[in-house]
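Colleague: Questions regarding the structure given below will be posed in turn.
The values are calculated or read from the model by the stated rules, or taken from the named source; none is laboratory data. All figures in this text were calculated on a predicted structure; none of them were measured in a lab. Every residue, glycine as well, gets a Cβ built from its backbone with ideal geometry; the counts of neighbours run over all protein chains shown. Side chains are part of the model used for accessible areas, which takes the heavy atoms of the whole protein and leaves out ligands, DNA and RNA. Shrake-Rupley method; radii C 1.70, N 1.55, O 1.52, S 1.80 Å.
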Amino acid sequence: MGPAHSLSGAAAWLGVGAAAAAAGHEMPWPVLVVGALICAGAALAPDLDHKAATISRSFGPVSRGLCEVTDKLSHAVYKATKKQGDPRRSGGHRTLTHTWLWAVLIGGGASALAMIGGRWAVLAILFVHMVLAVEGLLWRMARVSSDVLVWLLGATSAWILADVLHKPGNGADWLFTDPGQEYLWLGLPIVLGALVHDIGDALTVSGCPILWPIPIGRKRWYPIGPPKGMRFRAGSWVELKVLMPAFMVVGGLSGLGALGII
């Protein structure tokens, strides 16, 4: 579901931009573009608990090792916090990293890092999410290209976008305007991307425990989702023929609305 997750993330941020414009608070265009790309990349990040996910191969041995650690950590948290109604599991996929709490912690951590670490921290955040955005949005090309080329594209994009954002009026202080709060907003598309990923997973057969640690009945890891008859399997025709084209249309129209074109 990597490409669908990335498309949904980008469309979600463009939708936020359109809503902001409709409310009379237009985003600077660099914030719209950078936010959409970060959100597209962040929408892949919850699958850091799955060794076969797109993110696991995005940064070579580093991401593969991080995926193994995250899977074990997630499984340990699941076992330590599950209630009587939660089933036994052999791994940590779709547990800790697929919750609202994880999304908020990761987004908050990124915002704090951007504020404290300055330009190099911003570049690091942009680089990671630009690489993930390339892997998700340009998946056909990324899968036949070398990792080094993808990393170079991510690094170049991050450097250019950081320079654009840093110019006065281009959005470094968007939404948070007090001195020292530059780039505080960078955590918002990260939170949104993770939540959009979780909602997408909730539509599939297995559901998604988005609300953890809030218990529901006899379960703390309750798999939220629509009625089972409305769910679909990951990679099915519903995802490829319905959802992905819909995300493209919604994202395109939202982007035009955010820019005041329609």
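Colleague: Please compute the per residue accessible area over region 1-79 with all protein chains in place, 1.4 Å probe, rounded to a whole number of Å².
Modeller: Spelled out: the 1.4 Å probe surface of region 1-79, per residue, equals 38 Å².
Colleague: A further question on this structure: Can you compute the charge dipole magnitude of the chain about its Cα centre, using +1 on each Lys and Arg Cβ and -1 on each Asp and Glu Cβ, nothing else charged? Give it in debye, rounded to the nearest 20.
Modeller: Charge dipole of the chain: 1300 debye, to the nearest 20.
Colleague: Return the calculated 222 nm mean residue ellipticity for the chain, to the nearest 500 deg cm²/dmol, obtained by summing -39500 (n - 2.57) across DSSP H runs with n ≥ 4 and dividing by the residue count.
Modeller: Result for the chain, helices only: -20000 deg cm²/dmol.
Colleague: Between Ile214, Ile106, Ile190, where does the largest GNM mean-square fluctuation fall for the chain, given springs only between Cα atoms within less than 10 Å?
Modeller: Ile214
Colleague: What do you get when you divide the Cα radius of gyration of region 1-150 by 2.2 N^0.38 Å, with N the number of residues?
Modeller: 1.13
Colleague: Need one number: nm distance between label points at Ala234 and Thr177, each 7 Å from Cα along Cα→Cβ, rounded to one decimal.
Modeller: For the pair Ala234/Thr177, the computed spacing is 4.3 nm.
Colleague: Choose one answer from Ala124, Ala45, Ala76: the residue with the largest mean-square fluctuation in a GNM of the chain with alpha-carbon springs under 10 Å.
Modeller: Ala76
Colleague: Where in region 1-36 is the amide nitrogen less than 19 Å from a point lying 7 Å along the Cα-to-Cβ axis of Arg143?
Modeller: 1-9
Colleague: To the nearest 20 debye, what is the magnitude of the charge dipole of region 93-242 about its Cα centre, counting +1 on the Cβ of each Lys and Arg and -1 on the Cβ of each Asp and Glu?
Modeller: Taking the Cα centre of region 93-242 as origin, the dipole is about 840 debye.
Colleague: Related question: Roughly how many percent of the accessible protein surface of the chain is carbon and sulfur, given a 1.4 Å probe and a whole-percent answer?
Modeller: Its accessible area is 68 percent carbon and sulfur atoms.
Colleague: Enumerate by residue number the trypsin sites (Lys or Arg not before Pro) in region 189-262 meeting two conditions: DSSP loop (anything except H, G, I, E, B), and at most 14 other Cβ atoms within 10 Å of the site's Cβ.
Modeller: When the trypsin sites (Lys or Arg not before Pro) of region 189-262 are filtered for loop state and at most 14 Cβ neighbours within 10 Å, Arg218, Arg233 remain.
Colleague: Would you mind getting the accessible area per residue of region 88-158, heavy atoms of the protein chains only, 1.4 Å probe, in Å²?
Modeller: Accessible surface, normalised per residue, equals 51 Å².
Colleague: Something else about it: Averaged across orientations, what area in nm² does the convex hull of the alpha carbons in the chain project?
Modeller: Seen from a random direction, the Cα hull of the chain projects 14.7 nm² on average.
Colleague: Return the loop-located chymotrypsin sites (Phe, Trp or Tyr not before Pro) in region 1-84 (DSSP other than H, G, I, E, B) with at most 15 other Cβ atoms within 10 Å of their own Cβ; answer none if there are none.
Modeller: Passing sites in region 1-84 do not exist.
Colleague: With a cap of 12 neighbouring Cβ atoms within 10 Å, and only residues DSSP puts in a loop, list the trypsin sites (Lys or Arg not before Pro) found in region 18-105.
Modeller: Arg88
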